[in-house]
Amino acid sequence: MTQKLALITGASRGLGAAMAEQLALRGWHVVAVARTVGGLEELDDRVKQARMPGAGGLTLAPMDVTNEDAMRHLCRSLHDRWGGLQFWAHTAVHATALAPAPSVDMKDLDKSIATNLRATAFLITMIEPLLRAGTGSAMFFDDPVAAQKFGAAYGASKAGQITLARNWQAESARIGPRVLVETPRPMATAVRARFYPGEDRSPLIAPKEEAARLIALI
C-alpha cells in the first residue's frame with residue numbers, strides 16, 4: 001500500500017470533518033465514519049469540488065461508533081482491503097444538554113458514557129492492531145470545557161476518555177503505536193455553541209485552520 005490511509009471517527013462536522021477534508025486534499029485516502037449521512041455527503045462534495053491535483057479519496061461509512069458489531073466489521077474490512085492504518089483521529093463525541101450536577105439525566109449520562117468512554121475503549125482494541133501493522137498514529141482531543149460547570153455528564157465521560165487515551169499513550173510510548181492527546185484551540189463548532197450559548201464567535205478558530213495545525217503533528 002503506497003497511499004496513506006486515515007480513519008476519522010466523527011467525521012460529519014466540526015473538527016472531524018475538517019480533518020477528513022484536509023487529509024483527503026493532501027493525498028490521503030480517508031475512511032470517514034459518522035452517523036449523519038448528510039454531513040458525510042457534504043464532506044465528499046467539498047473534496048470533489050476542490051479539484052485539488054493529487055487529492056486522495058473518501059470512503060464514507062455512515063455508522064454509529066457505539067455499534068460494536070459495525071465497528072468490528074469496519075476494522076476487519078480495513079484490514080482485508082488495506083492491511084494497516086497510518087492515522088486514526090477520534091473526534092466522535094456526545095455533547096449533553098447543560099445541566100447542574102444534581103440534575104443530571106441518567107439516560108443522558110448513559111449515552112455520554114456509551115459514546116465518549118465505552119466506544120473509545122472498544123475502538124482502541126479494534127484499531128490498535130491496524131495502527132501497528134501500518135506504523136500509524138492515533139490522536140485524541142482533550143476539552144477544557146469538560147471541567148466547567150453544567151457539563152457534568154459530558155465532562156465525566158470525556159475525562160474518562162482522555163484518561164484512557166493517556167494510559168494507552170504511556171503504555172505504547174516505547175513499543176508503539178504513537179498516541180497523541182491534543183487540546184484544540186477554541187473553535188466555532190456546534191459542540192462549543194452548546195456549552196457557550198450566545199458567545200461572540202468571531203474570535204474563534206475555524207475548524208479547517210485548526211485541522212491543518214493538528215495534521216502537521218502527525
Residue in the range 47-85 that is most open to solvent (accessible area, probe 1.4 Å), counting only those that are assigned to a strand (DSSP E or B) and either within 23 Å of residue 177 (Cα to Cα) or not hydrophobic (A, V, I, L, M, F, W, C) (or both): 62
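Yes or no, residue by residue, for (1) more than 16 Å from the chain's Cα centre (by Cα); (2) aliphatic (A, V, I, L, M); (3) under 19 Å from residue 15 (Cβ atoms):
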| residue | (1), (2), (3) |
| --- | --- |
| 137 | no, no, yes |
| 151 | yes, no, yes |
| 156 | yes, yes, no |
| 161 | no, no, yes |
| 176 | yes, no, no |
| 185 | no, no, yes |
If residue 200 satisfies all but one of (1) open to solvent by less than 80 Å² (accessible area, probe 1.4 Å); (2) farther than 27 Å from residue 105 by Cβ, what's the number of the condition it fails? (1)
(1) of a type outside the set (A, V, I, L, M); (2) in contact (Cβ under 8 Å) with a residue 40 or more places away in the chain; (3) out of contact with any helix residue (DSSP H, G or I) (no Cβ under 7 Å at 6 or more places or on another chain) all hold for residue 208 apart from (3)
Spans of helices (runs of 4 or more DSSP H) in the range 86-188 with at least 2 residues open to solvent by less than 10 Å² (accessible area, probe 1.4 Å): 119-134, 152-171
For the range 189-198: of the residues being assigned to a loop (DSSP other than H, G, I, E, B), closer than 18 Å to residue 96 by Cβ and of a type outside the set (S, T, N, Q), which is nearest to the chain's Cα centre (by Cα)? 196
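The values are calculated or read from the model by the stated rules, or taken from the named source; none is laboratory data. In this text, all values refer to a predicted model and were calculated from it rather than measured experimentally. A quick note on method: Cβ atoms are made from the backbone with ideal geometry, for glycine too, and the neighbour counts reach across all protein chains shown. Note: areas computed on protein heavy atoms with side chains; ligands, DNA, RNA excluded. Shrake-Rupley method; radii C 1.70, N 1.55, O 1.52, S 1.80 Å.
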